[in-house]
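The values are calculated or read from the model by the stated rules, or taken from the named source; none is laboratory data. Please read all numbers here as calculations on a predicted model, not as lab measurements. Counting neighbours? That spans all protein chains shown, and the Cβs are built from the backbone with ideal geometry, glycine included.
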Amino acid sequence: MEYVRKLMDRVSVEGVKIELLNTAYGNGNTFLARLDPRTLFLWYLYFGIAPWFIHNEVLLLGMFLLLAVTTMMSRVSPLIIVILCLGLLSQAGYLFIVSWLFGGGGETIMPLLKLTMKLSVISMASITVFCSMDPEKLSDGLLRIGVPKQVSFGIAYGYRMLPSLVEEYHHIFLSFRLRGVAPSRHGLLYWRSIVYFLKIAVLSFYPLILSIAKRTRTTVEALEAKGFSYAYHSREAKRIKLSYMKFTIRDAVFLLGSGLYVVLLYVLAAQFSI
């Protein structure tokens, strides 16, 4: 019961908000968080794309083990890990059921395992990179590699606003429940209650959208009062903003170690195959 209570505390809206904040801002002391954002982007460029073109089981297994280690190093929230596992299991499960209904058998298991392994590697690479950078660092890294200023700022702003939006959506949802009338009977398999909560969940989005539109005007005025447009068009301001970013020995060791590990995997894959 103690484990169930802890799980329910994490699943609550307040718990989700705390996990989002920890994911965005709570991993600044890890080894990966000390790397230059460009190093992480370069590393992700390979591990986020290459698995789609790899069909060797040894290579995929080796990459999976490496990404599992880097995911643990980035101190990812358990909630994100649970969501990732549920997504992968549901993906593989429904594909196996569909293939079985259309005449597939045991021979479809290995291709589905390969697909699941690829998705796992790419997902863990994304989690490793984006959980190792806070919103400001991610925005500065994107700006440094040439991403348009509006896009880089939008990503950082979205990170900052997401916990507030989750909390505000929860308040609107509760207000609908207070003013509404819940079904007196749950019905078979609680279908009446499920329909009731789904209806409230959809209706809660409309006040949230209006609130966001109203808040956007205030945000724009505050940014302009602080010289947002001038700073984003000034080369000198951009140079000062990004002056802290530089490659170090730590970045070289990380890229070199990852490269040597991948080369070793290719050598092993040439010798063995499951």
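Considering only region 208-217, I want to know if a residue exists there that is at pLDDT below 80, assigned to a helix (DSSP H, G or I) and β-branched (Val, Ile, Thr). The answer is yes, given that some residue of region 208-217 is at pLDDT below 80, assigned to a helix (DSSP H, G or I) and β-branched (Val, Ile, Thr). The residues on offer are 175, 193, 243, 184, and the sole one that is modelled with pLDDT of 80 or more, closer than 24 Å to residue 35 by Cα and either part of a loop (DSSP other than H, G, I, E, B) or not assigned by TED's automatic domain parsing to the domain that holds residue 36 (or both) is 243. Here's a check for you: in region 116-152, which residue that is surrounded by fewer than 17 Cβ atoms within 10 Å (Cβ to Cβ) and more than 18 Å from the chain's Cα centre (by Cα) is modelled with the highest pLDDT? Among those residues, the one meeting the criterion is 145.
Filtered by the rule that a residue be surrounded by fewer than 18 Cβ atoms within 10 Å (Cβ to Cβ) and more than 23 Å from residue 260 (Cβ to Cβ), region 53-78 gives 75, 78.
Scanning region 233-274 for residues that are without any contact (Cβ under 8 Å) to a residue 60 or more places away in the chain and surrounded by 13 or more Cβ atoms within 10 Å (Cβ to Cβ) returns 234, 237. Here residue 160 fulfils each of the conditions (1) under 25 Å from the mean Cα position of the chain (by Cα); (2) among the basic types (Lys, Arg); (3) exposed (fewer than 12 other Cβ atoms within 10 Å of the Cβ) apart from (3).
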